[in-house]
Amino acid sequence: MSGDHSTYVPSSGVGKWVDSRLPLPRLMHDSFVSYPVPRNLNYAYTFGGILMVMLVVQILTGVVLAMHYAASTQMAFDSVEKIMRDVNSGWLLRYMHANGASFFFIAVYIHIFRGLYYGSYKAPREILWILGVVILLLMMATAFMGYVLPWGQMSFWGATVITGFFTAFPVIGEPLQQLLLGGFAVDNPTLNRFFSLHYLLPFMIAGVVILHVWALHVTGQTNPTGVDVKTKTDTVAFTPYATLKDALAMVVFFVFFAYFIFYIPNYLGHADNYIQANPLVTPSHIVPEWYFLPFYAILRAITFNIGPIDSKLGGVLAMFGSIAVLFFLPWLDTSRVRSAVYRPWYKVFFWVFAINAVFLGWLGSRPAEGWYVTASQLSTLYYFAFFLIIMPLLGMIETPRRVPNSISEAVLSRKNGGSGQPAAAVSAPEDRA
Amino acid sequence: MSEHETTAEPGGEPTRRDFLFLTTGMAAVVGGATVAWPFIDQMRPDASTLALASVEVDVSSLSEGMSLTVQWRGRPVFIRNRTEEEVEAAQAVELAELKDPVARNENIPNAEATDLNRSAGEGMENWIVMIGSCTHLGCVPLGQAGDYNGWFCPCHGSHYDTAGRIRRGPAPENLPVPPFEFISDSMIRIG
């Protein structure tokens, strides 16, 4: 699938001249025009493209916002208000950027769950998957630091709580926290470095995205059947097929994005962040942005000591562990069948996992008391059990359904009025159109 | 390094090229670390931040039962002139009941977390000075609140008693007492 034979033919003299010196147009043509993609990709596969566009949206709006923003504790809050009130179109750019972060995460979570469902992380796509997890981590760091910049109450206290995680580590914890903050508490040095890093990290994300796409183009895309591409009839050209499908999905995605920007721009934010940061007063209820809530719930679920690990360190380790476990996913899943479509039990556990993840997010928004704590603990248990127990064991004991011989077979059987299950096509291959 | 054509046969003497290769490599490693250091070092608290390490506070206006919050090193410090009931309640607590048995008082390291060791000392038991930053994740606890009528952290529900000792909730340690002294009857220097 890596395009062994390039089909690029430069049409003009200039094209030929460039092609023999720096074949960048050839690379683009082979990667995004003639590149073969499985013909059965569904809309779940459009989020990669959407994510690329979201990264561009965030970088563009971010670069122009930085032209008006002042990274100083004295001026940050006012400069953001100035962007909202005085700067021409500033309100629009800021709402695009702030809601863009949320929509970036919506898209990335769908993208990840698509990978989980269709087994996109399995051999030979382990590095592709790991690069994706690296991007997720970079995104989280970027989003966290960006949220500090408006210097509201949630900015300040979110930064305090999150950098406080590092104090959980024995001995090195406190020096490490001071190294991150550049002081004994969140203050001007913290704001300055967060701004610098918030500007840097998206470009690092862009770099890893290039590696991610490179790895994708070496192995080729998965598809809903999980069956490898075998013949040319299994694929279609990226342009126009995937390009247009991605474009349509993007338009629909942008309709929702625009609705949030223009009608409910603060729905996903917190009112407290429109109060300037005050180091002496903590808001009564601190919650992170919605996309961190499941991890926040996991952090708070560990209320008990585990041997020599106290509850605070335990919570921090569980939270980091909930992301770290993703790195090992390709080796935790022992099933030889890639797609959940043919794994009747995995499918059930997967959907329970998805609902559980949303439930964890809801629990993260609740105060840590009463039955919420117990529920968080049970949900956290399932989160880890899914990866560490269910995935390894299920692959050994589950009886998968029959996997189609090829993508074409699966597609054609559906076209023939089959139930979407390939068995019909196999039993009567002569009926195929 | 045996692939180098100039390298001696296995078991033979190392060649000059081996020597050059090793020393160049070492110089690159040491040089790299040396260059990296200022990039890491600049992140540590700078001189102006460290210069704020001491503040003096007039506490003459604090009558019994009143508190004051001042900022020290960017963090709030609670100064409270405790009521007699609060002192008695804290003194009545057995050490075995405490989650953290260490006083966490920088003025008397490694002392037991008795009420006396947490306070400003003999004759000054009513005064308590502590960094108002929850030892869990750094929120500012609310005063005269919680199950022990001491301090209560709203973020993750840690309850401190009237001596600022952690009694219930996720926080692992007592609220730390910063280095401080009474420089006169009504002035406290913190730091």
Top-ranked residue in region A:32-55 [being among the aliphatic types (A, V, I, L, M) and not in a helix (DSSP H, G or I); ranked as most open to solvent (accessible area, probe 1.4 Å)]: A:Val33
Inside region A:174-229, can you point out the residues that are open to solvent by 30 Å² or more (accessible area, probe 1.4 Å), assigned to a loop (DSSP other than H, G, I, E, B) and more than 11 Å from chain B (Cβ to nearest Cβ)? A:Gln221, A:Asp228, A:Val229
Which residue pairs have Cβ atoms under 6 Å apart, sit 6 or more places apart or on different chains, and have a first residue in region A:123-134 that is open to solvent by 20 Å² or more (accessible area, probe 1.4 Å) and a second that is among the aromatic types (Phe, Trp, Tyr)? A:Trp129/A:Tyr121; A:Ile130/A:Phe327
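Of the residues A:Met391, A:Met319, A:Met396, only one is aliphatic (A, V, I, L, M), open to solvent by 30 Å² or more (accessible area, probe 1.4 Å) and touching a residue at least 60 places away in the same chain (Cβ under 8 Å); which?
Values: A:Met391 fails: open to solvent by 30 Å² or more (accessible area, probe 1.4 Å); A:Met319 fails: open to solvent by 30 Å² or more (accessible area, probe 1.4 Å).
A:Met396 is the lone residue from the list that is aliphatic (A, V, I, L, M), open to solvent by 30 Å² or more (accessible area, probe 1.4 Å) and touching a residue at least 60 places away in the same chain (Cβ under 8 Å).
Would a scan of region B:66-80 turn up a residue that is free of Cβ contacts under 8 Å to residues at least 12 places away in the same chain and either surrounded by fewer than 18 Cβ atoms within 10 Å (Cβ to Cβ) or in the same structural domain as B:Val140 (by TED's automatic domain parsing) (or both)? Spell out how you get there, then give the answer.
Step one: list which residues in region B:66-80 are free of Cβ contacts under 8 Å to residues at least 12 places away in the same chain, which gives none.
Among the residues of region B:66-80, not one is free of Cβ contacts under 8 Å to residues at least 12 places away in the same chain and either surrounded by fewer than 18 Cβ atoms within 10 Å (Cβ to Cβ) or in the same structural domain as B:Val140 (by TED's automatic domain parsing) (or both), which makes the answer no.
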Can you name the condition, by its number, that A:Thr7 falls short on among (1) loosely packed, with under 15 Cβ neighbours inside 10 Å; (2) in a helix (DSSP H, G or I)? (2)
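Going by the conditions given, is A:Val161 part of a helix (DSSP H, G or I), in contact (Cβ under 8 Å) with a residue 40 or more places away in the chain and more than 11 Å from chain B (Cβ to nearest Cβ)? Lay out the reasoning, then the answer.
Numbers: part of a helix (DSSP H, G or I): yes; in contact (Cβ under 8 Å) with a residue 40 or more places away in the chain: yes; more than 11 Å from chain B (Cβ to nearest Cβ): no.
The answer is no for A:Val161.
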Exception for A:Trp351 within (1) among the aromatic types (Phe, Trp, Tyr); (2) surrounded by 16 or more Cβ atoms within 10 Å (Cβ to Cβ); (3) more than 14 Å from chain B (Cβ to nearest Cβ) falls at (2)
Which one of these is at pLDDT 95 or above, within 21 Å of the chain's Cα centre (by Cα) and under 19 Å from A:Pro224 (Cβ atoms): A:Phe359, A:Phe328, A:Phe350, A:Phe295? A:Phe350
Subset of region A:368-388 that is among the aliphatic types (A, V, I, L, M) and more than 14 Å from chain B (Cβ to nearest Cβ) - its residue that is surrounded by the most Cβ atoms within 10 Å (Cβ to Cβ): A:Ala375
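Do we have A:Ser89 as surrounded by 17 or more Cβ atoms within 10 Å (Cβ to Cβ) and free of Cβ contacts under 8 Å to residues at least 12 places away in the same chain here?
Numbers: surrounded by 17 or more Cβ atoms within 10 Å (Cβ to Cβ): no; free of Cβ contacts under 8 Å to residues at least 12 places away in the same chain: yes.
Judged against the criteria, A:Ser89 is not a match.
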Total residues in region A:278-303, condition crowded, with 19+ Cβ neighbours inside 10 Å, facing chain B (nearest Cβ under 7 Å) and among the aliphatic types (A, V, I, L, M): 1
Residues that are open to solvent by 70 Å² or more (accessible area, probe 1.4 Å) and in contact with a Leu (Cβ under 9 Å, 6 or more places away or on another chain), drawn from region A:240-273: A:Tyr241, A:Phe262
Mind checking which residues of region B:79-115 are closer than 19 Å to B:Pro176 by Cβ, among the aliphatic types (A, V, I, L, M) and assigned to a loop (DSSP other than H, G, I, E, B)? B:Val93, B:Leu98, B:Ala103, B:Ile108, B:Ala111, B:Ala113
What about A:Leu332, is it more than 18 Å from A:Gly173 (Cβ to Cβ) and surrounded by fewer than 20 Cβ atoms within 10 Å (Cβ to Cβ)? yes
Residues that are in a helix (DSSP H, G or I) and either open to solvent by less than 60 Å² (accessible area, probe 1.4 Å) or over 30 Å from A:Tyr342 (Cβ atoms) (or both), drawn from region A:230-239: A:Asp234, A:Phe238, A:Thr239
Any residue at all in region A:7-15 that's closer than 26 Å to A:Phe238 by Cα and either among the acidic types (Asp, Glu) or touching a His at 6+ places or on another chain (Cβ under 6 Å) (or both)? yes
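The values are calculated or read from the model by the stated rules, or taken from the named source; none is laboratory data. Owing to the predicted nature of the structure, the values given are computational and were not obtained by experimental measurement. All Cβ positions, glycine included, derive from the backbone under ideal geometry; neighbour counts span all protein chains shown. We work out accessible area using only protein heavy atoms, side chains counted, and drop any ligands, DNA or RNA first. Shrake-Rupley method; radii C 1.70, N 1.55, O 1.52, S 1.80 Å.
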